[in-house]
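Written below as structure tokens is the structure these notes are about.
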Amino acid sequence: MIEYPTIGCNNIKIIGDKPLVTPGPQNDRYSIQIMQKQYILCCVHLPSQIYTNNEGAREIKISTIVEDIEKMELSNNTDKTIIVGDLNINPFDHGCIDANLFHSLPYFEIARKTTRSVASKKFKMFYNPMWRFFGDNNSPAGTHFYNGSRIDNIFWHIYDQVMVRPCLRNDFIDESLRIITKTSRFLLSDIAGHPDKQKASDHFPIVFEIKEN
């Protein structure tokens, strides 16, 4: 396995077995990599919104990420973009759904149009499959559990997400997308079924697969 360069981004490590990877824009909160000259991988770790509610600063950071992604798409002549990481926002938060931010939607039939116009300006869209994990029909019902006294607390949050451009929808393997609570050797949850932050992490990891050409 190879550790890819993430110079200027100490919050993220990217490890893989593909040698044809070129680093793109890097920042303290995201790292963009160009893979095999056709895929754009953007790994993200945004600041927590539980301990600080600086939504304005977070949205400025997201705007910068989107701008850099679109520059890379243009210069590399590809829309095969994948965003993955700890976004520290839910799929329904403004940072995910607003047209001028990630603009990620759970409906492929809408996202497949690739762009949407708001105030006479076109904005590209992402497809976000993470919405499927909310509610009682899923276990766990998120990647992070917060039992705090905030008035708007929903307890289970899906902060760890993957989003893809619509052109990758047919290559995205639906059944591969999972929230991981255990491995062959370790249990990542505590006795209540929440992420065990003492032994592992306060977030459950996710896993997904995308078919290559």
Which numbered condition trips up Glu59, out of (1) modelled with pLDDT of 95 or more; (2) more than 12 Å from Val164 (Cα to Cα); (3) in a helix (DSSP H, G or I)? (1)
Is it the case that some residue within the range 124-144 is open to solvent by 30 Å² or more (accessible area, probe 1.4 Å), of a type outside the set (D, E, K, R), farther than 30 Å from Ile191 by Cβ and not in a helix (DSSP H, G or I)? no
Criterion: touching a Gly at 6+ places or on another chain (Cβ under 9 Å) and either at pLDDT below 95 or not aromatic (Phe, Trp, Tyr) (or both) - qualifying residue of Pro140, Pro129, Pro91, Pro166: Pro140
Evaluate the range 105-112: report whether one residue or more is surrounded by 20 or more Cβ atoms within 10 Å (Cβ to Cβ) and either within 23 Å of Thr143 (Cβ to Cβ) or at pLDDT 95 or above (or both). yes
Kindly provide the set of residues from the range 18-47 that are in contact with a Pro (Cβ under 7 Å, 6 or more places away or on another chain) and surrounded by fewer than 18 Cβ atoms within 10 Å (Cβ to Cβ), ordered by number. Pro23
How many residues are surrounded by 18 or more Cβ atoms within 10 Å (Cβ to Cβ) and in a loop (DSSP other than H, G, I, E, B) when one looks only at the range 196-207? 4
I want to confirm something. Restricting to the range 79-104 and keeping residues that are open to solvent by 20 Å² or more (accessible area, probe 1.4 Å) and over 11 Å from the mean Cα position of the chain (by Cα), which single residue is farthest from Tyr159 (Cα to Cα)? Asp79
Any idea which of (1) in a loop (DSSP other than H, G, I, E, B); (2) at pLDDT below 95; (3) not basic (Lys, Arg) is the one Pro23 doesn't satisfy? (1)
Closer than 24 Å to Leu74 by Cα and either of a type in the set (Val, Ile, Thr) or open to solvent by less than 40 Å² (accessible area, probe 1.4 Å) (or both), is that true of Ile15? no
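The values are calculated or read from the model by the stated rules, or taken from the named source; none is laboratory data. Only a predicted model underlies this, so the values are computations on that prediction, with no experimental measurement involved. Every residue, glycine as well, gets a Cβ built from its backbone with ideal geometry; the counts of neighbours run over all protein chains shown. Surface areas here come from the heavy atoms of the whole protein model, side chains and all, with no ligands, DNA or RNA. Shrake-Rupley method; radii C 1.70, N 1.55, O 1.52, S 1.80 Å.
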